[in-house]
Amino acid sequence: MGASLLRLHFHDCFVNGCDGSLLLDSTATIDCEKNACANVNSTKGFDVIDQIKAEVDKVCGRPVVSCADILAVAARDSVVAQGGPSWKVRLGRRDSTTASKTLANSILPSPFMDLPALINNFKNQGLNQRDLVALSGSHTIGLAQCFSFRNRTYNATNIEPAFAKERSATCPRDGGNTNFAPLDPTAARFDTSYFKNLVKKRGLLISDQALFNGGSTDDLVMTYSSNPEVFWNDFSKSMIKMGNIKPLTGKQGQIRVNCRKVNW
């Protein structure tokens, strides 16, 4: 579940900050982010977060740690468990009492974005180009569904032909939308294969290969592909930066008893 738990933190933070809003289920008053285009039938691990929350609350004797903080720590520990770097997670986030599917639909980056769109998307969150490339490196773990890479597989000019042929085996021109392919060859290990792949024009998503396609991020991709320590260091810094996007603190929000619903 490592890649899924890392993604939950990312998709939570980009919509109204790191506030656990992604975890809320739909109600008459809550516009559930789980149903947004980038999340529906795609984000996973909600049950794992519930299990972690139950264990933490049991140890603490009551709900002391927010669901938003649990997402931040689970993301870090997932990266460590798959061989990646560790970083110090700042704690003290509180949980939101609202969610916004509409905002999630307009804000979460798409796998079809080109480089200018990606740069602008991250800039809107206070993240720069270095953060964009470093955080995109999270695609060194996990899988993507056929619908998200079909267009690149069959229509891109900046794709290695042998790689396109490989992908077409699991992603036909029609149907098979939910067939999975690894985002890089070592999908369960946090390493630099993702960046090495981009240099060879073997990025799975349009938004992946956009990072190495004659643009302003090419040099950084080259650096990360050959310097794991530089990538790990930058990734850690960018994860801390992302985890600090508009947190609710002090008396704002609440510490949810159940991550899926607000306290009444």
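Any idea how many residues of segment 72-90 are out of contact with any Gly (no Cβ under 7 Å at 6 or more places or on another chain), assigned to a helix (DSSP H, G or I) and open to solvent by 50 Å² or more (accessible area, probe 1.4 Å)?
The total comes to 2.
State whether the residues of segment 236-251 include one that is open to solvent by 60 Å² or more (accessible area, probe 1.4 Å), under 29 Å from N124 (Cα atoms) and hydroxyl-bearing (S, T, Y).
Within segment 236-251, one or more residues are open to solvent by 60 Å² or more (accessible area, probe 1.4 Å), under 29 Å from N124 (Cα atoms) and hydroxyl-bearing (S, T, Y).
Please go through segment 160-193 and pick out each residue that is outside any loop (DSSP other than H, G, I, E, B) and either under 19 Å from the mean Cα position of the chain (by Cα) or not acidic (D, E) (or both).
So the first thing to find is which residues in segment 160-193 are outside any loop (DSSP other than H, G, I, E, B), and the list is 161-168, 180-182, 193.
Across segment 160-193, the qualifying residues are P161, A162, F163, A164, K165, R167, S168, F180, A181, P182, S193.
Residue pairs, Cβ under 8 Å, 6 or more apart or interchain, first in segment 78-92 and at positive phi, second assigned to a helix (DSSP H, G or I) and buried (at least 17 other Cβ atoms within 10 Å of the Cβ). List them.
So the pair list comes out as G92/D69.
Just the residues that are open to solvent by 30 Å² or more (accessible area, probe 1.4 Å) and over 20 Å from S42 (Cα atoms), please, taken from segment 187-214.
Of everything in segment 187-214, those that are open to solvent by 30 Å² or more (accessible area, probe 1.4 Å) and over 20 Å from S42 (Cα atoms) turn out to be R189, K196, V199, K200, K201, R202, F212, N213, G214.
When segment 177-216 is examined, which residues are found to be of a type outside the set (S, T, N, Q) and out of contact with any helix residue (DSSP H, G or I) (no Cβ under 7 Å at 6 or more places or on another chain)?
Filtering segment 177-216 down to residues of a type outside the set (S, T, N, Q) leaves 180-185, 187-191, 194-196, 198-206, 208, 210-212, 214-215.
Listed by number, the residues that qualify are F180, P182, A187, A188, R189, K200, G214.
Which of the residues that make up segment 52-77 are of a type in the set (V, I, T) and free of Cβ contacts under 8 Å to residues at least 40 places away in the same chain?
Restricting attention to segment 52-77, the residues satisfying the condition of being of a type in the set (V, I, T) are 52, 56, 59, 64-65, 70, 73.
Selection gives I52, V56, V59, V73.
List the number of the failed condition for D69; all other conditions in (1) of a type outside the set (S, T, Y); (2) in a loop (DSSP other than H, G, I, E, B); (3) within 26 Å of N258 (Cα to Cα); (4) open to solvent by less than 20 Å² (accessible area, probe 1.4 Å) hold.
(2)
Please go through segment 29-66 and pick out each residue that is outside any helix (DSSP H, G or I), open to solvent by 30 Å² or more (accessible area, probe 1.4 Å), closer than 17 Å to N258 by Cβ and modelled with pLDDT of 95 or more.
G61, R62, P63, V64, V65
With respect to N197, is the statement that it is assigned to a helix (DSSP H, G or I), without any contact (Cβ under 8 Å) to a residue 24 or more places away in the chain and not β-branched (V, I, T) true?
Numbers: assigned to a helix (DSSP H, G or I): yes; without any contact (Cβ under 8 Å) to a residue 24 or more places away in the chain: yes; not β-branched (V, I, T): yes.
It is true that N197 is assigned to a helix (DSSP H, G or I), without any contact (Cβ under 8 Å) to a residue 24 or more places away in the chain and not β-branched (V, I, T).
Can you pull out every residue in segment 91-126 that is more than 22 Å from A156 (Cβ to Cβ), in a loop (DSSP other than H, G, I, E, B) and open to solvent by 60 Å² or more (accessible area, probe 1.4 Å)?
L91, T97, T98, N124
Checking T157 against (1) assigned to a loop (DSSP other than H, G, I, E, B); (2) surrounded by 14 or more Cβ atoms within 10 Å (Cβ to Cβ), which single condition isn't satisfied?
So T157 meets the others, but not (2).
The values are calculated or read from the model by the stated rules, or taken from the named source; none is laboratory data. In this text, all values refer to a predicted model and were calculated from it rather than measured experimentally. Glycine gets a Cβ as well: all are built from the backbone with ideal geometry, and neighbour counts include every protein chain shown. Keep in mind that these areas ignore ligands, DNA and RNA; they rest on the heavy atoms of the full protein, side chains included. Shrake-Rupley method; radii C 1.70, N 1.55, O 1.52, S 1.80 Å.
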